[in-house]
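Trainee: Please read through the structure below; I'll follow up with questions.
The values are calculated or read from the model by the stated rules, or taken from the named source; none is laboratory data. In this text, all values refer to a predicted model and were calculated from it rather than measured experimentally. Note that we place each Cβ from the backbone using ideal geometry, even for glycine, and neighbour counts take in every protein chain shown.
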Amino acid sequence: MAEASKMQVTDEVAIQIAGMNKWYGQFHVLRDINMTVQRGERIVICGPSGSGKSTLIRCINRLEEHQQGQIVVDGTELTNDLKNIDKVRSEVGMVFQHFNLFPHLTILENLTLAPIWVRKVPKREAEETAMYFLQKVKIPEQAHKYPGQLSGGQQQRVAIARSLCMKPRIMLFDEPTSALDPEMIKEVLDTMIQLAQEGMTMICVTHEMGFAQAVANRVIFMDQGQIVEQNEPKEFFNNPKSERTKLFLSQILGH
Amino acid sequence: MDQHFARTDMLPPQAPPITERGAVKWLRENLFSTPFNIALTVFGAAVIYYLVSSSLPWWLNSVWNANSLGECRDIVTASAGEGATGACWAMIRQWWGAFIFGFYPPDLWWRPIIAFGLLFAALSPVLFSGQKRKLTALLAVVAAFLLLTLYLTSAPMPAFILLMVFIAGFAAVAQVQPGKLIWFTLIYPALCFWLLWGGSIWTPIVAMAGFGVLYVVFRLASPLIGLSPAAGAGVLAAVLWWLYLEAPVVSALQSVLPFGLQSINSDQFGGFLLAIVIGVTGISFSLPIGVLLALGRQSDMLIVKTLSVGFIEFVRGVPLITLLFTASLLLQYFLPPGTNFDIILRVIILVTFFAAAYLAEVIRGGLAALPRGQYEAADALGLDYWRAQRLIILPQALKISIPAIVSTFIGLFKDTTLVSFVGLMDPLRGVTQIVRADINWKGIYWEPYIFVGAIFFLICFGMSRYSMYLEQKLKTDHR
Amino acid sequence: MAMATDVPKDGFRLSMLVYDTRYRSYTIQIVVLVLFAMAVAWLLNNTVQNLEARGKEFNFGFLWQRAGYDIGQQLVPYTNDDNHFRALLVGLANTLVVAFFGCIFATVLGVVVGVLRLSSNWLVGRLMTVYVEIFRNVPLLLWILLTYVILSEITPQPRDFRLTDEMAAAGEAPAASMMFFDSVAVTNRGTNIPAPLFERGLGSVELGGLSLNLTFLAIVAVVAGSVFVNRRILASARAMQEATGDRPATWWKSLLVLFAPVLVLLVAMGFHLEVPTLQGFNFQGGMLVAHPFTAMVVALSLYTAAFIAEIVRAGIQAISRGQSEAAFALGLRPGRTMNLIILPQALRVIIPPLISQYLNLTKNTSLGIAVSYLDLRGTLGGITLNQTGRELECMLLMMLIYLSISLSISAVMNMYNSSVQLKAR
């Protein structure tokens, strides 16, 4: 890939998770998670449903609380301190499976809401940024429509643009393509690949193995709430070490 | 951690740390998580303490045996000391008959009881079609309930024997040909009417025969003039039968084969008997009318649509009380001079219309919620309008609207208390007023209202819970 | 390849009226129309015959005859020498005032209960559920009767509030005491509350039979002015935010603008509360609120609040968790998320059923008859009807008035609905 040179991984640590455990009531959902993400890294997390992968990335911006261990994002440790949570959330963007656009606001208002109220950016400037990112996801002409008037693929691209407007240093993707029709998956993946090429630190929960092979520099396989295997994509797909990984890969690549 | 990593042994699940489990965690999360939450908990506890501390002695000092309020108070004072309060349920002991049956003669209470029990037998083929076990279970419960209540109200022997024969027959049919049971559902209204009001047995039979006339005319005429005109002719024939032939036929039959029950006047009805009679009839007749009105409002035909909308908006726009007054004051103007029919019947008609208008709006919501594709699919299958509605559209629309339909029913049942304003003796205002006017019980207020309120609560709450259960059970789409 | 096949031009047969899709709907509509017209004609004919038989005629002239009965609570000045039409207006005003206060209290209570039911506090959540279920599943009439009976039978007589010299000497307290810092006394004759009075009021002017209270008008004008200025403050704050990104704090300005002018005006006019005091065996001064009114407002609010609580709860729950998660993920704080994301969406869900609850409450005021509250139904549909024997006219007029109230409320609701409908494909 031509732009691969831009996809530099630095030594700077973006996210550090150590000995993290989480329970839902009696259920042990995340077990002893240890993970370091460097700035510029692009990580794909995969695994069977219920393996805790969504919960893991939702812990990174504190949509879920963890009960044991440490999560440090950009040097800020996530604790009950609201200031820290605010700081992390304004630097970490998140894209959801079901888009979660605000249906009562236009696309432009969706994009400018957080910059205006959280970053305290003047409205005009926020709108210029918003238009810039809408152009980047190739739908500037939809700016004044409402989310309900857009297709699923367009909505997800708006959701990505909405996160980008906050100028995040890290992006989290929670199965961004699994609620989409097949013909719309590509447009969203293209946007994500473009983002990766620009050097964004990304953690994606996805089953799009093509995407993993194209842009990821590490693939993490989770099962039963724990990290079972992690490796570079090539090694991971061609030479999986663990039986569980092999079984999983045979299931999703088998057809 | 190494960037290349493969786990060989899976970690077993561990128990959460002590602060995260058990009662401690539950209390922390549900009662004491934030200062505001703690304040709420204190507030809630204070309210409960106040309610309990102020009413518990009253409940504990309840008196069940006394002949007047004064006697009650004396008993409370004697047992709990000066200034103590206590409930006087002895009043309920003395007056429960009026609360339940109004002035229906006590030696005939077995008639409404049987009618009430058979209501569930009549409903069973609709509720549990094809589920023999549930049907039998329901029948057993009905039989047990009837035998017990009949025994408690000391019903005469023939009532028991008749009932046993009926239940045995019903159970036998349920075992052999459960499909035929629907016939009982169809004749139940006439049977119920006869049991409640009494009179000649021929009145309900001849009235039901009107439907037979309708059917015969329809079958004979349909090959000649087509379905819709034949249906019209059938209805016309039935109306003629009811208007002109019914009375002479009944009196003729009665003179040949005199058989009947003692007649009961409408003003002897009262209490929950009245509420249930009006409520159940209103509910069962308002549903079909409501469906028709909803279909009319959704129709493409301008005139049909306008009439439906006009009716619905008018009825929903005025209070039920004004409609009840229409029943008691105005109907005499609108009907041919000299017509004078029963006040309960008049009230039922108006209550039915009232509920039907509300149901129509509810069902319209259900119809609107159905995806367009359902209509198109029904058309594509070649179904005509009525078949499409009956087989495809209505079952789904009604299913969606079950919670709203049931809450309309609950509203209707609660509204039956308003009939007291047109002189009928509902349990709330009618009977309670009489009790409170009784010299022995003058000044009693909590007990009758709590008693009547509790019965209403049980029925209405039960209905709403049943609808929630039904909604869960009928949820066939995977969402 | 034009292979247009013509529709076969058969001659017209009678059966086509029923089986041809082109005529079928017309046939049905005409049949329905004819049947409807016949029914109406039949009813009218009966009515005319019945009126004749009773020697009555259909006209509304009786409205201008002397009413001759008293009405306890009157917002429009009225004596028993006024005509039936005036009595009707008094009744209508009584209906509307009960509905007004009922709607306000029911909304406040309902919103609080609905939100508390959603709170994470288990105890309060359960308590609110019990409240909602009890009030929803028991007839409104029971609440009205019970409240009224409690008010008029349990409450003490005015003389029970008396502190005689002997009691003072013996160190005893009177049997009953006033509430809220000795300003409110609930007796079996009514509720005595403080009356707002003005030392230097602006008086009133007569305008064609209606007297306009200038003091009241001045207060309304000042409040309206304050609200207007407050909106300007908010607008300028928004403009500032759009220009620079920083939103100036507005809450103290808003408080100042909203409350200071009206307080100054009240002080200037010498506003004070006249507290009811016991004079001999009865309370003097203040205002006496009759029990039927109190019972109606209390019962209607408690009953309707239970329904409103359910609507509020369902409305907030209808907004998916994803919405607040997305807002949190963008860095919005919970308070902002509520204001900017959840409430605007929840209100769309809440307001239509809320308005239909207001409609129900308004119609339910007609139950005032149970406690002899003289509302529209009690005057026009009650005493006037009985005195004049004009059942037909009174009932029709009354239905018409209720109908126009209902239809105007639903018109407002429809306007609201169409203005906030979410745009979708």
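Trainee: Going by the conditions given, is A:Glu64 without any contact (Cβ under 8 Å) to a residue 12 or more places away in the chain and among the acidic types (Asp, Glu)?
Mentor: no
Trainee: Only residues in region B:146-167 that are buried (at least 16 other Cβ atoms within 10 Å of the Cβ) count as the first member; pair them with residues that are among the small types (Gly, Ala, Ser), Cβ under 7 angstrom, at least 6 apart or cross-chain, and list the lot.
Mentor: That search, which allows pairs on different chains as well, returns B:Leu146/B:Gly117; B:Leu150/B:Ala159; B:Ile167/B:Ala143.
Trainee: Identify, from the list C:Arg377, C:Arg313, the residue that is surrounded by fewer than 24 Cβ atoms within 10 Å (Cβ to Cβ) and over 30 Å from A:Leu111 (Cβ atoms).
Mentor: Exactly one of C:Arg377, C:Arg313 is surrounded by fewer than 24 Cβ atoms within 10 Å (Cβ to Cβ) and over 30 Å from A:Leu111 (Cβ atoms), namely C:Arg313.
Trainee: Need at least 1 residues that are within 13 Å of chain A (Cβ to nearest Cβ) per element, so show me which helices (runs of 4 or more DSSP H) inside region C:313-425 make the cut, counting only ones lying wholly within it.
Mentor: By residue number, C:321-329, C:334-337, C:343-364, C:391-420.
Trainee: Looking only at residues in region B:27-51 that are hydrophobic (A, V, I, L, M, F, W, C) and touching a Phe, Trp or Tyr at 6+ places or on another chain (Cβ under 8 Å), which one is nearest to the other protein chains (Cβ to nearest Cβ)?
Mentor: Filtering first and then ranking leaves B:Leu31.
Trainee: While we're here: Can you spot a residue in region C:146-167 that is surrounded by 15 or more Cβ atoms within 10 Å (Cβ to Cβ), within 27 Å of C:Gln73 (Cα to Cα) and free of Cβ contacts under 8 Å to residues at least 12 places away in the same chain?
Mentor: So far as region C:146-167 goes, yes, one or more of its residues are surrounded by 15 or more Cβ atoms within 10 Å (Cβ to Cβ), within 27 Å of C:Gln73 (Cα to Cα) and free of Cβ contacts under 8 Å to residues at least 12 places away in the same chain.
Trainee: While we're on this one: Please give the number of the condition B:Tyr358 fails out of (1) within 14 Å of chain C (Cβ to nearest Cβ); (2) surrounded by fewer than 16 Cβ atoms within 10 Å (Cβ to Cβ).
Mentor: Failed condition: (2).
Trainee: Then there's this: Take B:Ala355 and decide whether it is free of Cβ contacts under 8 Å to residues at least 60 places away in the same chain and farther than 30 Å from B:Leu69 by Cβ.
Mentor: Criteria not met by B:Ala355.
Trainee: Would you kindly identify the helices (runs of 4 or more DSSP H) lying entirely within region B:372-479 that contain at least 3 residues that are of a type in the set (Gly, Ala, Ser)?
Mentor: B:372-380, B:402-415, B:446-474
Trainee: Given region A:199-242, what strands (runs of 3 or more DSSP E) lie entirely inside it while holding 1 or more residues that are among the β-branched types (Val, Ile, Thr), over 21 Å from A:Met184 (Cα atoms) and more than 12 Å from chain B (Cβ to nearest Cβ)?
Mentor: In region A:199-242, the matching strands (runs of 3 or more DSSP E) lie at A:201-205.
Trainee: Test B:Gly83 against the criterion of being among the small types (Gly, Ala, Ser), more than 14 Å from chain A (Cβ to nearest Cβ) and part of a helix (DSSP H, G or I), and give yes or no.
Mentor: no
Trainee: Against the definition (modelled with pLDDT of 85 or more, touching a Phe, Trp or Tyr at 6+ places or on another chain (Cβ under 7 Å) and under 30 Å from C:Gln157 (Cα atoms)), how does C:Ala326 come out, yes or no?
Mentor: no
Trainee: Would you check if B:Leu119 is over 16 Å from B:Ile100 (Cα atoms) and modelled with pLDDT of 85 or more?
Mentor: yes
Trainee: Could you list, in sequence order, all residues of region B:251-303 that are part of a loop (DSSP other than H, G, I, E, B) and surrounded by 15 or more Cβ atoms within 10 Å (Cβ to Cβ)?
Mentor: Residues satisfying the conditions are B:Ile264, B:Phe269, B:Ser299, B:Met301.
Trainee: Please verify whether region B:382-398 includes one or more residues that are on the phi < 0 side of the Ramachandran plot, surrounded by fewer than 22 Cβ atoms within 10 Å (Cβ to Cβ) and in contact with a Gly (Cβ under 7 Å, 6 or more places away or on another chain).
Mentor: yes
Trainee: Go through region A:85-107 and give me each residue that's touching a His at 6+ places or on another chain (Cβ under 8 Å) and surrounded by fewer than 19 Cβ atoms within 10 Å (Cβ to Cβ).
Mentor: Once the filter is applied, which keeps residues that are touching a His at 6+ places or on another chain (Cβ under 8 Å) and surrounded by fewer than 19 Cβ atoms within 10 Å (Cβ to Cβ), region A:85-107 yields only A:Thr106.
Trainee: What residue, among those in region A:62-84 that are among the β-branched types (Val, Ile, Thr) and in contact with a helix residue (DSSP H, G or I) (Cβ under 9 Å, 6 or more places away or on another chain), is surrounded by the most Cβ atoms within 10 Å (Cβ to Cβ)?
Mentor: A:Val73
Trainee: Taking region C:229-255 on its own, how many of its residues are part of a helix (DSSP H, G or I) and either farther than 21 Å from A:Arg124 by Cβ or touching a Ser or Thr at 6+ places or on another chain (Cβ under 7 Å) (or both)?
Mentor: 12
Trainee: Which of the residues that make up region B:329-351 are within 17 Å of the chain's Cα centre (by Cα) and at pLDDT below 85?
Mentor: none
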